[in-house]
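The values are calculated or read from the model by the stated rules, or taken from the named source; none is laboratory data. This one's a predicted model, so the numbers in the text were calculated from it and none came from an experiment. Here the Cβ positions follow ideal geometry from the backbone for every residue, glycine too, while neighbour counts run over all protein chains shown. Calculation scope for accessible area: heavy atoms of the full protein, side chains included, ligands and nucleic acids excluded. Shrake-Rupley method; radii C 1.70, N 1.55, O 1.52, S 1.80 Å.
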Amino acid sequence: MKSAKSYIQDNKERFLNELIELLKIPSISADPSYKEDVLKTAEAVKTALENAGCDTVEICETPGYPIVYGEKILNKNLPTVLVYGHYDVQPPDPLELWDSPPFEPVIKKTDLHPEGAIFARGACDDKGQMYMHVKALEYMTTSNQLPCNVKFMIEGEEEVGSSSLGWFVKRNHQKLANDIILISDTGMIAKDVPSITTGLRGLSYVEVEVTGPNRDLHSGLYGGAVANPINILAKMIASLHDENNHITIPGFYDDVEELTQAERAKMAEAPFNLEAYKKALDIADVYGEKGYTTNERNSIRPTLDVNGIWGGYIGEGAKTVIPSKAYAKISMRLVPNQDWEKITKLFTTHFESIAPEAVKVKVTPHHGGQAYVTPIDCTGYKAAEKAYENTFGKTPIPQRSGGSIPIVALFEKELKSKTILMGFGLDSDAIHSPNEHYGIWNYLKGIETIPQFFHYFTEMSK
Ligand code: BES
Ligand code: MN
Ligand code: MN
């Protein structure tokens, strides 16, 4: 019987080439002009799952992009692992900041990745990480090592809020029934510091529009006499944080789960180098909520950030104008117990209340989701821990992440199962940024570790 290690060694080139082919398709879910490519990617994932040994694979239609569903059922008395991932990617903008085109994958060596890393949009988030599961399945089926049932659910709208997935999950409880959900769409602390993500933040995403006069005005003739919506919007946004960087929306913190001193002390044990963190981002200092460390600020505390702001004249040269409208996109990252719909309402009421009479304000909610925490005493977590111990030779550190996969909380609500987040990305992989990449070492280590999870989870479920 071949070990995963030797199977991976023998098939490494093919594993890389197959992923590279998948990365060439620009499956940008946010931009409707890429619709054909998104659909083509779903087809490619279907073929890959069939080749890896699924008994049945279907492309399930939804009101939006389809969900690729595949399964291999050995015996209904065995446990079932449901693997979730996404085949859509973020838009690659700004294109000029990429060293090589985002959909023409290249392998380059970096300081952190002397074995090489694949540079392409989606390399880590999430095509590369999702594909580790396809190749892990291939290994388990070809070497007769699959110990339990497996289902795959790979969606095409994660980067735009997973609204069709919610629709699909609600209608398919039976089909999706499982004992544990397994996802690789997060990161780990470092290549030599394995960690398992035990928390995801929730999200409320809104767009605001501030309207002043009914048309753009000459800024000399009217300047000083009517409200400039950009000036007003800037003021309103600035007022959303106080001098301690607390969010000023009344009621915002009411439901926030406060960690005990013991829990915070445990968190602080995870290795973290503030100097290296600052250096990697070229910043002279960090910035955030008073009373909390950097790692607390970006995981267990809620935030409010402007993602984009626009209005007025931004073309060549100068145009003297008071614009009629100003806009911003604002996201709030939420923590356990905060309800995203309640927070969206609190934001809306507050934002409308702070607007001066001189302008009109419109708040449009986009999407959202609840936070999620994986208990470290559940079978799935313990099985994952053993899997990492086996392939990394170290016990992984549980760590809450600041990112969001809003659908995970919905899985628990609808399917009543826990999710294990076995992510193999690194912060430096630049997901959502120019020059996204994924280390070949990480990719192969994931393929090696996943079958171990299946093994231990089946063992421990007996
Ligand atoms: N894979 C990420 C989320 C992530 C990355 C979590 C790293 C933890 C560590 C996912 O694709 C993502 O980008 N999610 C979005 C939310 C979505 C609703 C657009 C996010 O977190 O901004
Ligand atoms: Mn992702
Ligand atoms: Mn993403």
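Tell me, please, whether a residue that is under 30 Å from Phe351 (Cβ atoms), among the hydrophobic types (A, V, I, L, M, F, W, C) and in contact with a Ser or Thr (Cβ under 7 Å, 6 or more places away or on another chain) can be found in the range 184-197.
Checking the range 184-197: not a single residue is under 30 Å from Phe351 (Cβ atoms), among the hydrophobic types (A, V, I, L, M, F, W, C) and in contact with a Ser or Thr (Cβ under 7 Å, 6 or more places away or on another chain).
Scanning for something more than 16 Å from ligand 2 (Cβ to nearest atom) and not charged (D, E, K, R), does the range 400-413 turn up at least one residue?
First, the residues of the range 400-413 that are more than 16 Å from ligand 2 (Cβ to nearest atom): 400, 412-413.
Add one more test, that the residue is not charged (D, E, K, R), and what stays is none.
No - not one qualifying residue is present in the range 400-413.
For the range 121-134, does any single residue satisfy the condition of being away from ligand 3 (no atom under 16 Å from the Cβ) and over 18 Å from the mean Cα position of the chain (by Cα)?
Yes, the range 121-134 contains at least one residue that is away from ligand 3 (no atom under 16 Å from the Cβ) and over 18 Å from the mean Cα position of the chain (by Cα).
Are there any pairs with C-beta distances below 8 angstrom linking a residue in the range 416-441 that is within 16 Å of ligand 2 (Cβ to nearest atom) to a residue that is among the basic types (Lys, Arg), with the two at least 6 apart or on different chains, and if so which?
What qualifies is Phe424/Lys445; Leu426/Lys191; Glu436/Arg121; His437/Lys108.
I need a count of the residues in the range 178-195 that are more than 10 Å from ligand 1 (Cβ to nearest atom), outside any loop (DSSP other than H, G, I, E, B), in contact with a Gly (Cβ under 9 Å, 6 or more places away or on another chain) and of a type outside the set (Ser, Thr, Tyr). Let's see the steps before the verdict.
Taking the range 178-195 as the starting set, the residues that turn out to be more than 10 Å from ligand 1 (Cβ to nearest atom) are 178-182, 189-195.
Next, from what is left, pick out any that are outside any loop (DSSP other than H, G, I, E, B): 180-182, 190, 193, 195.
Checking which are in contact with a Gly (Cβ under 9 Å, 6 or more places away or on another chain) leaves us with 180-182, 195.
Retained after the next criterion (residues that are of a type outside the set (Ser, Thr, Tyr)): 180-182.
The total comes to 3.
Residues that are within 16 Å of ligand 2 (Cβ to nearest atom), of a type in the set (Ser, Thr, Tyr) and in contact (Cβ under 8 Å) with a residue 12 or more places away in the chain: does the range 318-331 have at least one?
Of the residues in the range 318-331, the ones within 16 Å of ligand 2 (Cβ to nearest atom) are 331.
Right, trim to of a type in the set (Ser, Thr, Tyr) and you get 331.
Keeping just the survivors that are in contact (Cβ under 8 Å) with a residue 12 or more places away in the chain gives 331.
Yes - at least one qualifying residue is present in the range 318-331.
Just to verify a result, which residue in the range 238-280, among those that are surrounded by 14 or more Cβ atoms within 10 Å (Cβ to Cβ), charged (D, E, K, R) and touching a residue at least 24 places away in the same chain (Cβ under 8 Å), is farthest from Ala328 (Cα to Cα)?
My answer is Arg264.
Name every residue in the range 60-97 that is closer than 15 Å to Glu157 by Cβ, open to solvent by less than 20 Å² (accessible area, probe 1.4 Å) and of a type in the set (Gly, Ala, Ser), in order of residue number.
Residue satisfying the conditions is Gly85 alone.
Identify the residue in the range 416-462 that is more than 18 Å from the chain's Cα centre (by Cα) and among the aliphatic types (A, V, I, L, M) and, among all such residues, is farthest from Leu146 (Cα to Cα).
Selected residue: Ile440.
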